[in-house]
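Okay, so here's the structure we're looking at.
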Amino acid sequence: PQDYVQTKLYTGNGQSSLDIDLDFSPDWVWIKRRTASQSYVVANKLSGDDKFISSNGNGAEETDNTKFRNFLTNSFRVGSHAGVNNNNSTYVSWNWKANGSGGSNTNGTINTTATTVAAHGGFSISTYTGTGSNATVGHGLSSAPTYVIIKERNGTENWIVGTGSFTGRLLLDENQAIGTSSVQFRDTVPSSTVVTIGTHASVNRNSSATYVMYCFADVDGMQKIGTYTGNANANGTFVYTGFRPAWIMIKKLAAGDWGIYDNKRNGINEENAVLYPSDDIAEENQSSRRIDLLSNGFKLRTSNATFNASSATTFLAFADQPFKYSNAR
């Protein structure tokens, strides 16, 4: 798993640039200043150097090398902006590897500008141009994706998240309850080759609109998508993933915060901290939001309704170690 997903903590130097070393060449980088209110920086290799979008807002893709500068070999480079490189401030970067610049996927009625796919077949990034008509877009995965994130690059539409039956959609940049998705995903589950999209401006406005699409499918021992029902109890619900999680993103289908946990930022059980991708606030380490990261899944340790309500909650998780190789915690 560490060959494809890595959480990297770093400290800013306040200089014009700073290179962050990784164990692979990243294709998707998501950065947050940990101790202050700063917007997230989300960059991908297909959009190119100097370009990023903030997950905590609906703004268009920006070109600003004081924030994100370059994708490099086994590293990435940030600029001098306080959101990514304030002197002595601490940051977290979440990093994923696909397969570099990729190539056009022609499986759908819309040919992607480029699609890059991880070698394990469970993660891909695509860029495409809209048509304004109902369409399909090839995803390149080895199986049908069960979690899809789409953002308009050159407009101010919300981040769209589809999962489960794809009869509803969540907004990554807002904390709303799940809404109808007939105009985004046409209430259609992705197939083994394509994602179905409608005509809403957030996914397919017209031929002047450009988009980025992230697709995920289960990969045994590496990544897991699913839904759990909380129990509103401090001895909370256990969620099986088949591996010790390194990174988890959680959102209940009712109104409430998104939350991201990882195993590097105070990642030990009873002390792990949460970040909120739809909000620019600093990370929080509070007992009402804690979870246990276990050898084969995660367990809620709070009665707080945000992540352990007696209702459906969706999750996207990536592995630190598969269960058969994990040490118990």
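What pairs in Lys45/Lys151; Lys67/Lys224; Lys32/Lys251; Lys151/Lys299; Lys224/Lys252; Lys32/Lys224 have C-alpha atoms more than 26 Å from each other?
Lys67/Lys224; Lys151/Lys299
Could you work out how far apart the two model spin labels at Ser303 and Ser101 are, taking each label as a point 7 Å from the Cα in the direction of the beta carbon, and quote it in nm?
5.8
With springs only between Cα atoms under 10 Å apart, run a GNM on the chain and tell me which of Thr73, Thr156, Thr193 wobbles the most.
Looking only at Thr73, Thr156, Thr193, the largest GNM fluctuation is found for Thr73.
Remind me, relative contact order of the stretch 202-329 in percent, using alpha carbon pairs under 8 angstrom and six or more residues apart?
Details: 309 pairs, mean separation 45.9, N = 128.
The value is 36 percent.
Could you list which residues have their amide H under 5 Å from that of Phe68, counting only those 5 or more apart in sequence or on another chain, with H placed in the peptide plane?
Distant-sequence amide H within range of Phe68: Gly79.
Using the crude model of +1 on Lys and Arg Cβ and -1 on Asp and Glu Cβ, and no other charge, please compute the dipole size for the stretch 245-305 relative to its Cα centre, in debye to 20. Show your work: numbers first, answer last.
Working: 8 positive and 9 negative charges, 53 e Å.
That gives the stretch 245-305 a dipole magnitude of about 260 debye.
Give the long-range amide H neighbours of Lys252: residues separated by 5 or more places, or on another chain, with amide H under 5 Å away, using H modelled in the peptide plane at 1.01 Å from N.
Thr314
Using a 1.4 Å probe on the protein heavy atoms, what percent of the accessible area of the chain belongs to carbon and sulfur? All intermediate terms of the calculation are to be shown ahead of the outcome.
Numbers: 4850 of 11730 Å².
On the chain, the fraction of accessible area on carbon and sulfur atoms equals 41 percent.
Would you calculate, for the chain, the mean residue ellipticity at 222 nm contributed by helices, counting each DSSP H stretch of 4 or more residues as -39,500 (n - 2.57) and dividing by all residues, to the nearest 500? Don't skip to the answer; put the middle values down first.
Numbers: 3 runs with 12 residues, N = 329.
One gets -500 deg cm²/dmol as the mean residue ellipticity at 222 nm.
If we restrict to alpha carbons, what Rg and Dmax does the stretch 19-81 come to, in Å?
Final numbers for Rg and Dmax: 11.1, 31 Å.
Please figure out what share of the DSSP beta bridges in the stretch 56-155 is antiparallel and state it in percent, rounded to the nearest 5.
Bridges in the stretch 56-155 are about 90 percent antiparallel.
Measuring with a 1.4 Å probe in the full set of protein chains, what accessible area per residue, in whole Å², belongs to the stretch 42-103?
35
Given contacts defined as C-alpha pairs under 8 Å and at least six residues apart, what's the relative contact order of the chain, whole-number percent?
Dividing the mean separation by the residue count of the chain yields 16 percent.
Run the quick spin-label model on Glu62 and Glu270: label points 7 Å from Cα toward the beta carbon, then report their separation in nm to one decimal.
Simple spin-label model gives 4.1 nm for this pair.
Rolling a 1.4 Å sphere over the protein heavy atoms, what is the accessible area per residue of the stretch 173-254, to the nearest Å²? Show your work: numbers first, answer last.
Working: 3020 Å² over 82 residues.
Computed with neighbouring chains in place, this is 37 Å² per residue.
Just to be sure I follow: if Rg is taken over the C-alpha atoms of the chain and Rh is the Kirkwood radius over the same atoms, what is Rg/Rh?
Rounded to two decimals, Rg/Rh equals 0.94.
The values are calculated or read from the model by the stated rules, or taken from the named source; none is laboratory data. For clarity, every value in this text was computed on a predicted model and none was experimentally measured. Methodologically, a virtual Cβ is constructed for each residue, glycine included, from the backbone with ideal geometry; neighbour enumeration extends over all protein chains shown. The area values use the complete protein model at the heavy-atom level, side chains included, leaving out ligands, DNA and RNA. Shrake-Rupley method; radii C 1.70, N 1.55, O 1.52, S 1.80 Å.
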